[in-house]
Amino acid sequence: MCDHPAMDLAPLELAVNRLREAEAALDAARADVETEAVAAVREGAPVEAVCDACGLTPHDLLRLEKTAGELPH
C-alpha cells in the first residue's frame with residue numbers, strides 16, 4: 001500500500017499526450033523529408049546537395065532511394 005495522498009495526474013497525462021502528439025508529428029515530418037529527398041535524387045538533384053539540405057548521410061539517402069519503391073505523387 002502507498003501512504004502518499006491522492007494526486008491529480010491530469011497535468012501529467014496532458015503532458016504525456018502532448019509528447020506523443022509531438023513525436024507522431026516528428027515521425028510524419030521525417031517521413032516527408034525522406035520521401036522528398038528520394039524524389040529529388042530521382043529527379044536528378046546531386047546527392048550531396050540533397051544531403052546538405054535535409055541532413056541525411058549519402059549512405060542513408062541512397063539506401064532509402066533503393067528501397068523506396070514508387071513514390072506518391
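Assorted remarks:
- Given the choices [x] 8.4; [y] 6.0; [z] 6.3, mean projected area of the Cα convex hull in nm² derived from the coordinates of this structure is entry [x].
- Share of carbon and sulfur in the accessible area of the chain stands at 59%, probe radius 1.4 Å.
- Taking all protein chains into account, the per residue accessible area for the chain stands at 82 Å² (1.4 Å probe).
- Contact order normalised by residue count of the chain, Cα under 8 Å, 6+ apart, percent: 26 percent
- Estimated dipole of the chain in Debye, rounded to 20 [Cβ of Lys and Arg +1, of Asp and Glu -1, Cα centre]: 160 debye
- Helical content alone sets the calculated 222 nm signal of the chain at -23500 deg cm²/dmol, taking -39,500 (n - 2.57) per DSSP H segment of four or more residues and averaging over every residue.
The values are calculated or read from the model by the stated rules, or taken from the named source; none is laboratory data. The model shown is predicted, which means the values in this text are computed figures rather than measured ones. Note that we place each Cβ from the backbone using ideal geometry, even for glycine, and neighbour counts take in every protein chain shown. With ligands, DNA and RNA removed, areas are computed over all heavy atoms of the protein, side chains included. Shrake-Rupley method; radii C 1.70, N 1.55, O 1.52, S 1.80 Å.
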